[in-house]
Amino acid sequence: MASITLFVGSVYGNAENLAEQIQTHLNAQGHEVEIAEPATLEHVKSAEHALFVSSTTGQGDIPDNLYPLFLQMQAQMPMLTNKSVGVVALGDRSYGDTYCGAGRQIDALVQQLNANLIQPRLDVDAGEYFEPWEVVEPWLTKWIAGL
């Protein structure tokens, strides 16, 4: 079974609730899942597999609780070669160009750090899915199968 570290960017708790659902679901399947709180660069470096779950705030920005880690990753460039990474981006399509902006930034950074992306980033539109789990669960099943 896999060891997975979840990195969560949340403003109002939706991404945090989703991360807890993911953790419960994967733990029930026998995987070891940790939510990194507060997320540090050491968590990234020591993670066997990493899953980023982030909402978007402001003008496509990364939430305050995940932003310091993002900046550290940009500055120190810890290569993620041979590390399986996934990105789930929460947003609202009605915001146009900033839709899922945080997830897009995270996705671009982990690709730059040479992460092994098993599944393409999942963008979840709050206008279409009030409860993101219904679209995340099938994506997560494919992501886990690729580990």
Checklist entry - Would you call residue 86 crowded, with 19+ Cβ neighbours inside 10 Å, more than 16 Å from residue 19 (Cα to Cα), among the small types (Gly, Ala, Ser) and in contact (Cβ under 8 Å) with a residue 40 or more places away in the chain? => result no
Item to check | Enumeration of residues in the stretch 7-38 that are buried (at least 23 other Cβ atoms within 10 Å of the Cβ) and more than 15 Å from residue 137 (Cα to Cα) | outcome: 7, 8, 9
Next on the checklist: Restricting to the stretch 71-89, give me the number of residues that are touching a strand residue (DSSP E or B) at 6+ places or on another chain (Cβ under 7 Å) and within 23 Å of residue 10 (Cα to Cα).
Outcome noted: 6
Checklist entry - Does the stretch 126-142 contain any residue that is free of Cβ contacts under 8 Å to residues at least 60 places away in the same chain, open to solvent by less than 10 Å² (accessible area, probe 1.4 Å) and outside any loop (DSSP other than H, G, I, E, B)? => result no
Checklist entry - If we scan the stretch 47-64, do we find a residue that is polar (S, T, N, Q) and over 18 Å from residue 127 (Cα atoms)? => result no
Checklist outcome for this item: Every listed condition ((1) among the β-branched types (Val, Ile, Thr); (2) more than 27 Å from residue 25 (Cβ to Cβ); (3) surrounded by 15 or more Cβ atoms within 10 Å (Cβ to Cβ)) holds for residue 81 save (3)
Checklist outcome for this item: Sole miss for residue 73 among (1) modelled with pLDDT of 95 or more; (2) open to solvent by 60 Å² or more (accessible area, probe 1.4 Å) is condition (2)
Checklist entry - Which one is surrounded by the fewest Cβ atoms within 10 Å (Cβ to Cβ) among residues in the stretch 39-70 that are aliphatic (A, V, I, L, M) and touching a helix residue (DSSP H, G or I) at 6+ places or on another chain (Cβ under 6 Å)? => result 41
Checklist entry - Can you name every residue in the stretch 90-121 that is in contact with a strand residue (DSSP E or B) (Cβ under 7 Å, 6 or more places away or on another chain), assigned to a helix (DSSP H, G or I) and either aromatic (Phe, Trp, Tyr) or surrounded by 15 or more Cβ atoms within 10 Å (Cβ to Cβ) (or both)? => result 101, 102, 103, 104, 106, 107, 110
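The values are calculated or read from the model by the stated rules, or taken from the named source; none is laboratory data. What you see is a predicted model; the values in this text were computed from it and never measured. Backbone-built Cβ (ideal geometry, glycine too); neighbour counts: all protein chains shown. Heavy atoms of the whole protein, side chains included, go into the accessibility calculation; ligands, DNA and RNA do not. Shrake-Rupley method; radii C 1.70, N 1.55, O 1.52, S 1.80 Å.
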